[in-house]
Amino acid sequence: MEYMDLVRKAAGYITSKIEKVPDTAVVLGSGLGLFAGLLQDKCEIPYQEIPGFPVSTAPGHAGKLIYGKIGEKCVLCMSGRFHFYEGYSMKDVSFYVRAFKVLGIKNLIITNATGGITGCFNPGDLMIITDHIKFFDDSPLRGENVSELGPRFNDMSEAYNKELIAKAKSVAEKQGIDIKEGVYAFMPGPSYETPAEIRALGILGADAVGMSSVPEVITAAHCGLKVLGISCITNYAAGISKNKLTEEEVIETANKSGEKFSALMAGIITEI
Ligand code: HPA
């Protein structure tokens, strides 16, 4: 089947299961699944049922699409995402972004767990992503361009939408959350970084580091979806932390920030 036929099939399948197409979709990062519990009148679609969706294997990622309401606003929520380190191509990990575009989604809120590089970031902090750094050679847009969705060489100068950033900041302020802002560096994983890599990333302008989100943001920028990125700083990045990094620490810290994170997300969704 042609690639775009599969994208359309996925979008058609999702549409057939939901009451109304939401303006906003949310992707929940590792350990940040609590937010899904706030959704009312839920309908869950396991990824296995959706044509073209890979199956998430990452721990802490449930693997279903949840449709529901926050107040009057309906939203689609990816509980579980796909990662490059799982062995998928960047095109596969961001397949859902194109399905959402075809479905009629306008705003994509991408969240993740990250290691903090900047000195003043502490585990448990939330950070609005203002920009990213990605050096690795695969790209979700590599290969034949899907010209019906966007141009061959797409602009990345405002991949993170300024209006959505301003909205997120004002909601955080209203809720008394001291939200940080910074640049997210994509690393392919699955190993955590070395202390030398983290020093290098810091010198290059990164504030936080993680193994997800960027392929999806590139795909969203290509097809003109507005993106808001929110990171939960789950640990001090390698070398800054005196401890060895573990996945348990990452999930545990993200879980601890779950309430603050969920309230922020609900506030943002009701305002956009
Ligand atoms: N590095 C990469 N990915 C991560 C980290 C980290 O320190 N913390 C959570 N995800």
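The values are calculated or read from the model by the stated rules, or taken from the named source; none is laboratory data. No experiment lies behind these values; they were computed from the predicted model shown. Cβ placement follows ideal geometry from the backbone for every residue including glycine, while neighbour counts extend to all protein chains displayed.
Filtering region 171-186 to residues that are assigned to a strand (DSSP E or B) and either without any contact (Cβ under 8 Å) to a residue 12 or more places away in the chain or charged (D, E, K, R) (or both) leaves 180, 181. Taking the condition surrounded by 23 or more Cβ atoms within 10 Å (Cβ to Cβ), modelled with pLDDT of 95 or more, part of a loop (DSSP other than H, G, I, E, B) and not aliphatic (A, V, I, L, M), does residue 212 pass? It is true that residue 212 is surrounded by 23 or more Cβ atoms within 10 Å (Cβ to Cβ), modelled with pLDDT of 95 or more, part of a loop (DSSP other than H, G, I, E, B) and not aliphatic (A, V, I, L, M). Is it the case that region 107-116 has a residue that's in contact (Cβ under 8 Å) with a residue 12 or more places away in the chain and surrounded by fewer than 18 Cβ atoms within 10 Å (Cβ to Cβ)? No.
In the set (1) under 14 Å from residue 100 (Cβ atoms); (2) surrounded by 21 or more Cβ atoms within 10 Å (Cβ to Cβ), residue 32 fails one condition alone, (1). So is residue 193 over 24 Å from residue 260 (Cα atoms), at pLDDT 95 or above, within 15 Å of the ligand (Cβ to nearest atom) and touching a Leu at 6+ places or on another chain (Cβ under 8 Å) or not? Considered against the rule, which asks whether it is over 24 Å from residue 260 (Cα atoms), at pLDDT 95 or above, within 15 Å of the ligand (Cβ to nearest atom) and touching a Leu at 6+ places or on another chain (Cβ under 8 Å), residue 193 comes out as yes.
Conditions (1) at negative phi; (2) in a loop (DSSP other than H, G, I, E, B); (3) free of Cβ contacts under 8 Å to residues at least 60 places away in the same chain, marked per residue:
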site	(1), (2), (3)
164	yes, no, no
169	yes, no, yes
190	yes, yes, no
193	yes, yes, no
200	yes, no, yes
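Considering region 121-153, and only residues there that are free of Cβ contacts under 8 Å to residues at least 12 places away in the same chain and not aromatic (Phe, Trp, Tyr), the residue that is surrounded by the most Cβ atoms within 10 Å (Cβ to Cβ) turns out to be 145. Working only within region 244-272, note down all residues that are in a loop (DSSP other than H, G, I, E, B), β-branched (Val, Ile, Thr) and more than 11 Å from the ligand (Cβ to nearest atom). Selection gives 272 alone. Once region 79-106 is narrowed to residues that are surrounded by 22 or more Cβ atoms within 10 Å (Cβ to Cβ) and of a type in the set (Val, Ile, Thr), the residue that is nearest to the ligand (Cβ to nearest atom) is 93.
Please go through region 208-243 and pick out each residue that is touching a Lys or Arg at 6+ places or on another chain (Cβ under 7 Å), within 16 Å of the ligand (Cβ to nearest atom) and under 24 Å from residue 86 (Cα atoms).
212, 214
Residue-wise test of (1) farther than 18 Å from residue 231 by Cα; (2) within 16 Å of the ligand (Cβ to nearest atom); (3) of a type in the set (A, V, I, L, M, F, W, C).
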{"position": "30", "(1), (2), (3)": "no, yes, no"}
{"position": "34", "(1), (2), (3)": "no, no, yes"}
{"position": "42", "(1), (2), (3)": "yes, no, no"}
{"position": "51", "(1), (2), (3)": "yes, no, no"}
{"position": "77", "(1), (2), (3)": "no, no, yes"}
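Is it the case that residue 122 is out of contact with any Leu (no Cβ under 6 Å at 6 or more places or on another chain) and within 20 Å of residue 266 (Cβ to Cβ)? Against the criterion (out of contact with any Leu (no Cβ under 6 Å at 6 or more places or on another chain) and within 20 Å of residue 266 (Cβ to Cβ)), residue 122 does not qualify.
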